[in-house]
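> Quick one: structure below, then a few questions.
The values are calculated or read from the model by the stated rules, or taken from the named source; none is laboratory data. Note that the coordinates shown come from a computational prediction; the quantities given were computed from them, not determined experimentally. Glycine also receives a Cβ, built like all others from the backbone with ideal geometry; neighbour counts cover every protein chain displayed. SASA here: full protein model, heavy atoms, side chains in, ligands and nucleic acids out. Shrake-Rupley method; radii C 1.70, N 1.55, O 1.52, S 1.80 Å.
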Amino acid sequence: MIVSVNWLKKYTSVDMPIEQLTKLIGERLVEIEDVIDLGKQYEGVVIGRAIKVYKHPNADKLNVVELDDGGITHGVDRLDNGLVQVVCGAPNVREGLLVAWITPGSTVPATASDAEPFVLGARELRGVLSNGMLASGKELALNNDHEGIVEIDGNFAPGTSFAKAYELDDYLLDIENKSLTHRPDCFGLIGFAREVAAISGNEFKSPEWIKSLKPVLAELKSEVAVSTPEVTIDDSSLCPRYEAVVIKGVDSAKQSPLIIQSYLKRIGIRPISAVVDVTNYLMVTTGHPLHAFDYDAFLRLQGGGNAATIRVRSARAGETLTLLDGRTIKLAEGDILICAGDTPVGLAGAMGGAESEVTTETKNILLESATFNLFNLRTTAMRHGIFSDAVTRFTKGQPAAQTAPVLASAVRMLCDVTGGMRASEVADVYPLQSETREITLQPSRIRAILGSDISDADITQTLRRVEFTVEQDDQTLVVVQPYWRTDIHEIEDIAEEVGRLNGFDTIIPTLPLRPYVAHAPSEFKQFTDTARARLATAGANELLTYSFVPGRILDAALQNKDDAFRVVNALSPDLQFYRTSILPSLLDKVYPNLRLGFDSFALFEINKVHIKGDTVADDFDLPREEERLAFVVAAADKTAKANFAGAPFYQAKAFLDDLLRKVHIPYTLQPLTDITDADRRLQHLVAPFESKRSALVLTQQGDIAGVIGELKGSTAAAFKLPAWSAAFELRLPQLFNGRSKGSSYLPLSRYPGTTQDVTLRVPAATLYSAVAAVIAAELQAKPYETLLMPIDIYQKSPEDGFKNITFRIFLNKHTDTITTDEANRVVTDIANAAGESLGAERL
């Protein structure tokens, strides 16, 4: 955003050097990225009067002008009569005309920022000496008009500096406006000037017209010739207020005064016509955008009638609208439309429609002043790529109370500049009237928050400088926010305002008197830290991905988008949904890393997820947060064949075993079965996994703590995963509650242990986990230190009704050396238990 210092001076006194001003603004209001000395571009541009104009003797389309510059320009050849000779090809040059003359040796303002600025000289044109040039609006960087020279519209004496006459001896402040997104008032010059006055220590008084919330238009020349527009707002949450009025007899081909054009152009807004320029001028002045429709076109589009029938509604799926920039966009539900009857004629708050555009032929206009839901507008702007000056301001939340004074001022200016007159009463539909907020506080509370000894009087004076209403009663202040300060809600906001306006740098730093007690991390925090460290030690790489994800990721993971919170004001189309599980975010990072040349790797992330409808049982009904750990291991096809034996499931399981053993969590695996509709968290958890190659992770209490396995083919294809990839996602609260109680530390035995391999032949349908569970239970009953490891699963052919499972069992004692007989008895007991429970046969 560009702020003109001269424009600021129209509303507040600026009596300090530009360096001091920018330093103060940067410290107490907003960061300034650049300061542009505009006046330098217009050095050497002088107002002159064409005294004599006659045809060039050697060129049909050129004229010779004898110019009066008041005799102030030095070093230029003059005629005997003291005038300066300039050759000009503009068709509108004539005797008596006041013009802008760029003197020899000066730079053409429009080229000042070019790599090679165009510097004029004195040279012959077709045999006639021309000193400099008479400039057009385009050459002066005032507008895009290059058809003729600028006609000075003021009563200035020849020799007057053009920059002085049109207030171009100016500084432009390039503002980094991201830090002002909560301050809609500062997106208008009046609001910005109010802040500058306050931080300079001056009291500010807004113009009376902007404070008049019920302006009277009776004093304007008017002829109520048409019916008052009829306004219908389908949903007041989308449009808190809508005002409209008809102005007739408008000269739409007329250009706005040069001073208005100059102010608009210098801050980056292209002057177009008097109607458009007036609405833009007021938008920049107040921060509140306006829009003008061609009234006759509006009536035609609604199907006729004696009054404009304005309807504000949501777009319907499949509707389209051709915008002023020529694009035809496909509308979506949530877009707010301005309709003539039921025909869309504008994308509310963003851009008007082409069919109701004000052209040079327009005689009557319908002027709109309204406010719209800022969250819907942010989505609309992102969806359709519209980042106009209007939508930039509307998405900051312009107050509804401001529509009336801005509309009244626009009517006054348009009638004055275009020769029109008000032709209808003002239609004002205001379903959501906002109330100003009163905040009662103790000044001592402000001092406590700021750590400052600021007095009661200084607090009151500071707030009144920015037009807060402050009443003091004993030791209590009652502060009333102005209607434009929608960001003020509580005492802390008032304290911030007082501290900022007086300068946080003026507060003397002191150590707080409150005692500080260091708190040990919670057990759960220590648990997650241990898990994080263990996975990193095992070779996995931790990522931190966005909690917001695009819809395509949810679709690829086969997760229902209706269960995810949708972000209304998403920063990007790729950040629309709050994720319901973490794994899809990791899967989305596998292919990019493979492309970068990482042949094999493991990724993990610990973060929170939310799901719609799952809320905390308290008074606030907030969404429940669940801490998750997601993990994926992957390898390129060539690397997998060369370095990994077996399915990727077992590599993921090795990481899982190592992790859960470190955090002392016994677990079992259970075949992945369908999850009931009642638990949508689990549905989203298991959705990407292939049921025949995956399993649920159960704690010793039987709670489902996660899922591990390989991914479905459609999910793998959507994320471009290699064939060798597997993953797991764990629910950390359930795992935390499933920890083994007490210490699991066991000192190393002084005696050697022994290993025994045992192979069991079981029916083909018997799960490995069932066999392992029987053996583990039998080992747990033995008075030995034991460790069970899988070695092999072998099935001769799919038709064979049996398979062989081989285990390796480590045995050790702490009292003496284990004997062969003892080891054999353990193996025999294991085989017998498996035979009785599962029909297993020892081989």
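> Only Cα pairs under 8 Å and at least 6 apart count here; give the relative contact order of the chain as a rounded whole percent.
Working: 1702 pairs, mean separation 72.8, N = 843.
9 percent.
> Right, next: For the range 662-814, what is Rg from Cα atoms divided by 2.2 N^0.38 Å, rounded to two decimals?
Details: Rg = 18.4 Å, N = 153, 2.2 N^0.38 = 14.9 Å.
It is 1.24.
> State in Å² the accessible area per residue of the chain; use a 1.4 Å probe, count heavy atoms of protein chains only, and round to the nearest integer.
Solvent-accessible surface per residue comes out at 47 Å².
> Given that compact globular proteins tend to follow 2.2 N^0.38 Å, what is the ratio of the alpha-carbon Rg of the range 636-693 to that value?
Working: Rg = 14.9 Å, N = 58, 2.2 N^0.38 = 10.3 Å.
Rounded to two decimals, the normalised Rg is 1.44.
> Something else about it: How large is the convex hull of the C-alpha atoms of the range 459-576 per residue, in Å³? Write out the running numbers ahead of the final one.
Values: hull volume 33.5 nm³, N = 118.
Dividing the Cα hull volume of the range 459-576 by its residue count gives 284 Å³.
> Here is a follow-up. As an exercise, find the ratio Rg/Rh for the range 716-782 from alpha-carbon atoms, using the Kirkwood inverse-distance average for Rh.
Working: Rg = 19.1 Å, Rh = 17.4 Å.
Computed over Cα atoms, the ratio is 1.09.
> Here is a further query. Run through the range 715-789 and list the GluC sites (Glu not before Pro) located in a DSSP loop whose Cβ has at most 10 other Cβ atoms within 10 Å.
Details: sites: E729, E778, E785; in loops: none.
Passing sites in the range 715-789 do not exist.
> For the range 353-399, what log10 I(q)/I(0) values come out of the Debye formula at q = 0.17, 0.22, 0.23 1/Å, with one point per alpha carbon and no solvent?
-0.63, -0.86, -0.89
> Could you tell me what a quarter of the Cα convex hull surface of the range 206-359 works out to, in nm² with one decimal place?
Numbers: hull surface 42.1 nm².
Taking the Cα atoms of the range 206-359, their convex hull projects to 10.5 nm² on average.
> Simple spin-label model, 7 Å along Cα-to-Cβ: T476 to Y591 in nm?
6.5
> Restricting to DSSP loop positions (anything but H, G, I, E, B) with no more than 13 other Cβ atoms inside 10 Å of their own Cβ, which GluC sites (Glu not before Pro) remain in the range 52-138? Please report the intermediate quantities before stating the final value.
Values: sites: E66, E95, E124; in loops: E95.
The qualifying sites are E95.
> In the calculated pair distance distribution of the range 500-651, what percentage of Cα-Cα distances lie above 20 Å? All intermediate terms of the calculation are to be shown ahead of the outcome.
Values: 7521 of 11476 pairs.
Value for the range 500-651: 66 percent of Cα pairs lie more than 20 Å apart.
> OK, next. Using the charge dipole of the chain (Lys, Arg: +1 at Cβ; Asp, Glu: -1 at Cβ; taken about the Cα centre), state which of L173, L140, V826 has its Cα farthest towards the positive end.
Among L173, L140, V826, the one farthest towards the positive end of the dipole of the chain is V826.
> To continue, here is another question. What translational diffusion coefficient, in µm²/s and rounded to a whole number, does the Stokes-Einstein relation yield for the range 760-799 at 4 °C and a viscosity of 1.567 mPa s, taking the hydrodynamic radius as the Kirkwood radius over Cα pairs?
On the way: Rh = 11.9 Å.
In µm²/s, the coefficient rounds to 109.
> Any number yet on Rg/Rh for the chain, C-alpha, Kirkwood? Let's see the in-between values first.
Working: Rg = 38.6 Å, Rh = 34.0 Å.
We get a ratio of 1.14 for the chain.
> Using θ = phi - 60° and the Karplus relation 6.51 cos²θ - 1.76 cosθ + 1.60, list the HN-Hα couplings for the range 234-242 in order, rounded to whole Hz, with x at every Gly or Pro.
Karplus-based 3J(HN,Hα) across the range 234-242 equals 5, 9, 5, 5, 8, 9, x, 7, 9 Hz.
> P(r) of the range 47-107 in 10 Å steps, Cα pairs, percent per bin?
23, 55, 22, 0
> Now a separate question. Taking the Cα centre as origin and putting +1 on Lys and Arg beta-carbons and -1 on Asp and Glu beta-carbons, what dipole magnitude results for the range 221-284, to the nearest 20 debye?
On the way: 7 positive and 7 negative charges, 102 e Å.
That gives a dipole near 500 debye.
> Quick one: compute a quarter of the convex hull surface over the Cα atoms of the range 46-158 and quote it in nm². Write out the running numbers ahead of the final one.
Working: hull surface 28.5 nm².
The directionally averaged projection comes out at 7.1 nm².
> Then there's this: Going out from 0 in 5 Å bins, what whole percent of all Cα-Cα distances in the range 1-84 drops into each bin?
Cα pair-distance distribution for the range 1-84, in percent: 3, 10, 14, 15, 10, 8, 8, 9, 10, 7, 5, 2, 0.
> Starting from the eigenvalues of the Cα gyration tensor, five times each then square-rooted, give me the equivalent ellipsoid semi-axes of the range 107-248, largest first, whole Å. List each step's numbers first, then the result.
On the way: eigenvalues 367, 127, 67 Å².
Sorted largest first and rounded, they come to 43, 25, 18 Å.
> In this model, which of K55/K138; K525/K589; K525/K653; K653/K712; K330/K589 are farther than 29 Å apart at the alpha-carbon?
In this structure, K330/K589 lie more than 29 Å apart at Cα.
> Mind running the shape call on the range 74-120? Use the C-alpha gyration tensor, a ≥ b ≥ c as the square roots of the eigenvalues: rounded below 1.5 for a/c, prolate if a/b tops b/c, oblate otherwise.
On the way: a/c = 2.99, a/b = 1.47, b/c = 2.03.
Oblate, since a/c reaches 1.5 and b/c is not below a/b.
> What is the Å³ per residue value for the convex hull set by the Cα atoms of the range 290-373?
On the way: hull volume 7.3 nm³, N = 84.
Taking only Cα atoms, the range 290-373 has a hull volume of 87 Å³ per residue.
> How large is the convex hull of the C-alpha atoms of the range 422-477 per residue, in Å³? Each step should come with its number before you reach the end.
On the way: hull volume 7.7 nm³, N = 56.
That works out to 137 Å³ per residue.
> Hey, another quick one. I need the shape label for the range 105-176. Rule: rounded when a/c is under 1.5, else prolate if a/b > b/c, else oblate, with a, b, c from the alpha carbon gyration tensor. Don't skip to the end; give the middle numbers.
Working: a/c = 1.89, a/b = 1.32, b/c = 1.43.
Oblate, because a/c is 1.5 or more while a/b does not exceed b/c.
> Full extension from E203 to E230: what is 0.36 nm times the residue separation minus their Cα-Cα distance, to one decimal in nm? Please report the intermediate quantities before stating the final value.
Working: separation 27, 0.36 × 27 = 9.72 nm, distance 4.18 nm.
Additional length available on full extension: 5.5 nm.
> Do any trypsin sites (Lys or Arg not before Pro) in the range 792-843 lie in a DSSP loop with no more than 12 other beta carbon atoms within 10 Å, and if so, which?
Listed in order of number, the matching sites are K796.
> So, one more: With +1 on the Cβ of every Lys and Arg and -1 on the Cβ of every Asp and Glu, and nothing else charged, how large is the dipole of the chain about its Cα centre, in debye rounded to the nearest 20?
Values: 85 positive and 110 negative charges, 409 e Å.
Dipole about the Cα centre, nearest 20: 1960 debye.
> Regarding the range 615-732, what is the average projected area of its C-alpha convex hull, in nm²?
Values: hull surface 35.7 nm².
Reported value for the Cα convex hull: 8.9 nm².
> OK, next. How many percent of Cα pairs in the range 377-497 exceed 25 Å?
In whole percent, the share of Cα-Cα pairs in the range 377-497 beyond 25 Å is 49.
> Which ³J(HN,Hα) values in Hz, rounded to whole numbers, follow from the phi angles of the range 82-87 under the Karplus curve 6.51 cos²θ - 1.76 cosθ + 1.60, where θ = phi - 60° and Gly and Pro get x?
x, 7, 10, 9, 9, 8
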